[in-house]
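Beneath this line is the structure, given in structure tokens, with notes to follow.
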Amino acid sequence: MTASDVYLLSPEISMVGLAVLVVLADLIFRQKGVVAFLAIVGLAVPVAFSIALWIDIDGEATSQRFLELGQATTFAVDHFSLFFKFLVIAVVGLVLLVSQDYVGRFAKYRGEYYALILLSAVGMMLLPSTTELITIYVSLELATIPLVVLSAFLRDARSTEAAMKFFVLAAVSSALLLYGMVLVYGFTGSTQLSVIAERIQEQPVESIAFGAAPLLLGVVLIVAGFGFKMALAPFQMWVPDVYEGSPTPITAYLSVASKAAAFAVLIRVFYLAFGGLSLDWSIGFAVLAVLSMTVGNLMAIAQTNIKRLLAYSTVAHAGYLMVGVAAVAARVGDGPTDLGLGGVLFYLVAYGATNLAAFFAIIAIANKIKSERIDDFAGMGFKAPLLAAVLAISLISLIGIPPTAGFIGKIYLFNAAVRADLAWLVVAGAINSVISAYYYLRVIRVMYTGNETERETVPFSLAARGALAISAVGIVVLGVIPGYVLDVAQSAVGVIVGG
Amino acid sequence: MFVGLLTTLVFLPAAAALIIALFLKEKRQVRVFAGIVAVAELVLSIVAFASYDTAEGGVQLVDRISDWIPALNAQYFLGLDGLNAPMVLLTGLLGACAIFVSWRVEHRVKEYFMWLLLLWTAVMGVFVALDFLLFFIFWEIELIPMYMLISMWGTGRPTYSAMKFVAFTFLGSAFMLVAILALYFATGTFDMIRITQELGFDTPYSRLIMPAAVTFFFFFAAFAVKLPIWPVHTWLPDAHTDAPTAVSVMLAGVLLKMGGYGILRVCLSIFPDVARDYGTPLAILAAFSILYGAVVTMRQTDLKRLVAYSSVSHMGFVLLGVTSVSAVGGGFATVGITGASVQMFTHGTITGLLFVLVGLVYEKVHTRHIPDITGLAVRVPFVAVSFVIAGLASLGLPGLSGFVAEIMIFLGAFKANPWPVAFAAFGVVLAAGYILWTLQRILFGPPSDRQEGLTDASWMERLPIVTLIIAIVVVGVYPAVITDVLDTALPNLINFRMP
């Protein structure tokens, strides 16, 4: 490894260093605030390295740098991967801030809590950059295993059950993923995405043993493996239990960062390695999108626990995101060809801000009323008007009603689908938004029913307030002046679509 | 200039809502402040309408930021032309009335006025937005205030009715979204004026991803729900019956016009050929809607439901007027389309007035069950006289505005589709039936003992009533007030693309 290789990995390396530092600081300092402070402020280092890389790459012709180990290219640094690194770090920062109100429940393990979040973030930062199957697998495990531990942190029956389910299903999904990778390797002779793409281009399908069927089976298994991480139906069974049982900040983290990283790697794998098969998988992704939206929204209607409701909502949103991925066939039209991917990236940011705001408000409200049942949220509109307003705005954004981030995100995704001649998919998506309005609006109404009561104080630390404010402002800003983020998202996917 | 008249007109109520949220506490303060804003907004809308230069025509008072969302080529584009100028006046008029009839709301006054003002902003925005994305944004924003107003200040089954309203409208707009994106894909712009000028001329219909007729009917689905046309009208009686008075006034007076305005602005201007080709089926639909609405109205015993169903019948005339497009080139076709637009204005004022009066009666006698109300003419002469005027206007008495609109519609539509129009004309007879019968039952029976000691309308309550009566009489006697402005738009409205 040369110095320049270390530089390419510097955001991840500094993140690992920060995690180790946090564990050490936890041993030394008695005041636990110091540990949290260190973890949050320390994030500035990976951010600084990422910014430096972004600027450096900007000046280069290929706008991409690779890390090579021996003959293999395992790791690419480009605007696409850096975009996701910023997103993951931002989510980690907000989750750490809001955790201040939550860590009291597991005071003994605060240091471990922070360190595990940071370690999981390392995996999620590696994933968007990976260009080789084995690296993908290792990064995915690095992202997942700390999350399994974190979901057990409450140490009650539900939390333990959540962790157990999470662990078993993560293992199953990893097995599927590995099996798929093995098949792809067997039929192309390489684990490198770029080489796989070449082999698929070179070999006429007829010359492969058994035709292309085993290769496609491998592709399907890889989709299934990623599908678990993205909470995509029909791989969503673990989602409600894990979301309900885990500590709420971890649920928020899981629902945003983990999904974003999984989408990043999915995009890279499919556009880079299986681009030659694009028309084959585009329709498959469209079907998965409809399935996921419909299952998520229909199941959410019956939920009485707010975290379970948002769990099913996250399944539905994985479906909306899939619309953008399926819009790959846009390549046949004229005009911009990478709208779908730009839409996915923007939607992930919009969805991230929205879901974090929703979960953060729920943390504060649930702390106050000691319940996560939707019916117990009655009257919150009066008791805690600001919190209720933020939750209401984020739910409106999840429906996709303007002037919020969720609306612009959906417009952008649907626009890409229309260009890709998938108008039926847009109709399905829009009708799903209608279904979703039913259960989201119900929550809003519950908060504002009941008799007018006095304001009550809600225990809510300054750090958590900051996190809530940032994400809430994000929803509105992205909804009213989305131009800048849209442009960045669009430029970030240039390297994927162009390459 | 950027912060022009129209921007102020649209955002003044929203700004007022924000001020109420942040600074005002006392019920009285909120009411007085909302009243002042209502008067200011009314004056602004009159100024906007009056300053429209009919000699010059075209789009005037433009407020535009052309790079609002560059990635989507979406603009912030407000403008006034012959089509929307009367709607702006109507919205100003009825919005102000809605604020003043809410003077007696005692339950959660602050939030109530906030939502009402936000609703006003959204509807005003729908009428003056000339960019499809912006139009759609306002169209969708309107859902949230309506949902909150009906579900929280309504009576009867408010949650059910509010959700039904949202579900129907949202489902309609799902189809509209696909159609908007199809137009965007074909033309590369959201600019309504440019699309109207280019589609079919510079840009052939064949560039749409769906056949022009499908796109037309996707739009029509959204507008028909709002208008409403049988069979998608069922949300209207429920929403009206359960909504508070002011919301009924806004709903019947302005929100339904969004549908008619949409048909004129989009379906007719952009797809005149399709409207012409499908003129007969649409005319049959309109005639059925008129007759069905009228027959069902006959059977109603709830005063509010009665007025609501009469709206279904009367708004059918708007669609009937639109079908005169089939006869363009000869006879009175543009008269029919002008009539449709005048009908929207007059129905807004007349039905708005009827709902104000029904609300007043309900407040006084605490029932809307028609058999329980008798002899109001003796007890509350002012209300009774106003009721008679509104009723006569509604059944189309010459000298009042309803007559002008209906005669124009019949004149224009008859040549295109004589049979449907002949049947639709029976709607007028039925209207005379149900209105006179109702007036006779509630006003002129023997005064009942239960209604002893009723007080007539206070000056505060008379204010909106008198304003609306003046509007009805002025348009009835001198319709050129409205038609002169409309005539500047109509010659350019229908430019057939295909022979």
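Bear in mind that the values in this text are calculations on the coordinates, not laboratory data. Here the structure is a predicted model, which is why all the values come from computation and not from measurement. Here the Cβ is made from the backbone with ideal geometry for all residues, glycine too, and neighbour counts use every protein chain on show.
A few comments on the model shown:
- Here is the list for the stretch A:420-499: trypsin sites (Lys or Arg not before Pro) lying in DSSP coil, each with at most 13 other C-beta atoms within 10 angstrom of its C-beta, are A:Arg455.
- Taking a ≥ b ≥ c as the square roots of the eigenvalues of the Cα gyration tensor, the stretch A:274-499 is prolate, since a/c reaches 1.5 or more and a/b is larger than b/c.
- The calculated 222 nm mean residue ellipticity attributable to helices in chain B amounts to -23000 deg cm²/dmol, summing -39500 (n - 2.57) over DSSP H runs of n ≥ 4 and dividing by all residues.
- Global geometry of chain B, whether rounded, prolate or oblate, following the gyration tensor of its Cα atoms and the 1.5 cut on a/c: oblate
- Whether the stretch B:403-483 is rounded, prolate or oblate, judged on the alpha carbon gyration tensor where a/c under 1.5 counts as rounded: oblate
- The Cβ shell under 15 Å around A:Arg155 holds other residues with a net charge of +1, Lys and Arg each +1, Asp and Glu each -1.
- Highest mean first, the peptides B:476-483, A:5-12, A:316-323, A:25-32 sorted by other C-beta atoms within 10 Å per residue fall in the order A:316-323, A:5-12, B:476-483, A:25-32.
- Here the peptides B:366-374, B:77-85, B:5-13 are ranked by packing, the mean other Cβ count within 10 Å, and the order with the highest first is B:77-85, B:5-13, B:366-374.
- Neighbourhood charge, 10 Å Cβ-Cβ cut-off, centred on B:Ala162 and excluding it, Lys, Arg +1 and Asp, Glu -1: +1
- The angle between the Cα long axis of helix A:213-230 and the main principal axis of chain A comes to about 20°, on a 0 to 90 degree scale.
- Estimated FRET transfer efficiency when R0 is 30 angstrom, pair B:Phe496-B:Tyr160 (beta carbons, to 0.05): 0.10
- Share antiparallel - DSSP beta bridges, the stretch B:5-493, percent rounded to 5: 90
- Alpha-carbon centroids, the stretch B:341-410 and the stretch B:162-203: separation in whole Å: 35
- Tilt relative to chain B, helix B:132-141 - C-alpha long axis, 0 to 90 degrees, to 10: 20
- Peptide B:209-221 has a mean shielding of 1, counted as Cβ atoms of other protein chains within 10 Å of each residue's Cβ.
- Counting lysine pairs in chain A that sit 8 or more residues apart in sequence, or on different chains, and whose Cα atoms lie under 24 Å apart gives 21.
- Taking amide H as placed 1.01 Å from N in the peptide plane, the amide H of B:Ala74 sits under 5 Å from that of B:Ile69, each at least 5 places away or on another chain.
- Counting Cβ atoms of other protein chains within 10 Å of each Cβ in A:415-424 and taking the mean gives 4.
- The mean number of Cβ atoms from other chains found within 10 Å of a Cβ in peptide B:102-111 is 1, as a whole number.
- Cα long-axis angle, helix B:5-23 against chain B (0 to 90 degrees, to the nearest 10): 50
- Out-of-range pairs (alpha-carbon distance over 23 Å; input B:Lys164/B:Lys257; B:Lys25/B:Lys304; B:Lys110/B:Lys304): B:Lys25/B:Lys304; B:Lys110/B:Lys304
- Peptides B:94-103, B:24-33, B:423-432, B:140-149 ordered by average Cβ neighbours within 10 Å, highest first: B:94-103, B:140-149, B:423-432, B:24-33
- Taking the helices alone, chain A has a mean residue ellipticity at 222 nm of -24000 deg cm²/dmol, built from -39,500 (n - 2.57) per DSSP H run of at least 4 residues and averaged over all its residues.
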